[in-house]
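Working notes for the structure below.
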């Protein structure tokens with residue numbers, strides 16, 4: 001069965017998160033995803049709260065911008081979540097929005113180099129290794145976690161869009177997150193590039209899940225809200241992007257992404273979604289039964 005998720009967008013106030021978590025847990029949603037967007041809400045703090053307020057739902061952060069975070073801090077926080085909530089935390093890292101990174105003085109000359117160094121060090125630390133590395137951006141001197149994860153397969157996901165970042169995800173990450181700017185053909189292209197990276201790094205064996213966001217609008221003015229968001233993001237010309245309609249239409253859009261190579265699909269409401277709790281209930285109760 002293809003996991004189905006929904007996004008709690010950070011345009012919503014943090015205090016709204018608990019009611020959304022309650023609905024996600026009660027309605028049987030597979031995954032609830034959070035974003036660490038500047039300058040809205042912290043990814044780890046909201047993930048910890050969401051995990052504490054639920055018992056079954058997997059909670060993802062897609063993604064944590066690596067320029068903002070020392071890799072040791074990322075590892076410490078990730079390991080704590082994995083130990084407190086085994087098997088339920090899904091954590092992704094990525095470049096972050098470069099303009100935002102510039103605003104806080106964290107923009108680097110080579111985002112790709114930073115992401116590679118961060119991914120390799122983070123995966124090693126979470127595997128319980130003792131790490132010494134003197135990279136361009138990541139420097140660790142005999143660092144090991146006192147409390148590494150005790151559960152296997154706590155893989156690190158990477159958010160990626162461009163060809164070099166997608167190849168890097170295959171080379172150095174355990175899975176890939178694709179934004180809602182990715183249509184079915186984009187998923188196919190991304191899988192090819194990730195596989196190139198995996199092959200180059202000698203990692204072709206084993207799973208590498210793809211998590212794909214799907215911009216989704218339902219209910220009153222769904223078509224207008226979807227078009228407005230695509231226009232605002234400069235994506236109106238991309239074919240077959242996003243979906244507006246009832247549960248059947250959304251399930252068909254999910255199926256197209258799965259056929260193209262998505263391993264799980266996360267429904268992303270428009271920024272002006274009038275009923276976030278209702279959206280989560282719609283995903284879990286109406287769309288989920290239609291997704292094989």
To the nearest 0.05, how large is the calculated FRET efficiency for residue 290 and residue 83 if R₀ is 35 Å and r is the Cβ-Cβ distance? 0.45
List the residues of the stretch 87-111 whose backbone N lies under 11 Å from a point placed 7 Å from the Cα of residue 16 along the Cα-to-Cβ direction. none
Sort the following peptides by mean Cβ neighbour count (other Cβ atoms within 10 Å, averaged over residues), highest first: 169-176, 228-235. 169-176, 228-235
Between the Cα axis of helix 222-232 and the main Cα principal axis of the chain, the angle (0 to 90°, nearest 10) is 40 degrees
Just how far, in whole angstrom, is the stretch 45-97 from the stretch 103-178 if you go by their alpha carbon centroids? 14 Å
What is the gain in length, in nm to one decimal, between residue 39 and residue 153 on full extension, counting 0.36 nm per residue of separation less the C-alpha to C-alpha distance? 37.9 nm
Provide the FRET efficiency to the nearest 0.05 for the residue 275-residue 235 pair, computing r from the beta carbons and using R0 = 30 Å. 0.80
Report for the chain the percent antiparallel among DSSP-assigned beta bridges with both residues inside it, nearest 5. 10 percent
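For the stretch 59-143, what ratio Rg/Rh do Cα atoms give with a Kirkwood hydrodynamic radius? Mind dumping the intermediate values first?
On the way: Rg = 13.0 Å, Rh = 13.4 Å.
With Rh from the inverse mean 1/r over Cα pairs, Rg/Rh is 0.97.
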Radius of gyration and Dmax for the chain's Cα atoms, expressed in Å? 18.3, 57
Helix 247-260 versus the longest principal axis of the chain: what angle, 0 to 90°, nearest 10, using Cα atoms? 40 degrees
Helix 111-126: inclination vs the chain longest Cα principal axis, degrees, rounded to 10, gives 80 degrees
Quotient of Cα radius of gyration and Kirkwood radius for the stretch 176-292, i.e. Rg/Rh, equals 1.02
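State the extension gain, in nm to one decimal, for the chain segment bounded by residue 70 and residue 99, taking 0.36 nm per residue of separation less the distance between their alpha-carbons.
8.5 nm
Evaluated at 4 °C with a viscosity of 1.567 mPa s, what Stokes-Einstein diffusion coefficient in µm²/s does the stretch 1-122 have when Rh comes from the Kirkwood expression over alpha-carbon pairs? Please list the in-between numbers first.
Values: Rh = 15.0 Å.
Answer, rounded: 86 µm²/s.
Here, each number is a calculation from the coordinates, and none is a lab measurement. Note that the structure is predicted; figures quoted are calculated from it, not measured. Methodologically, a virtual Cβ is constructed for each residue, glycine included, from the backbone with ideal geometry; neighbour enumeration extends over all protein chains shown.
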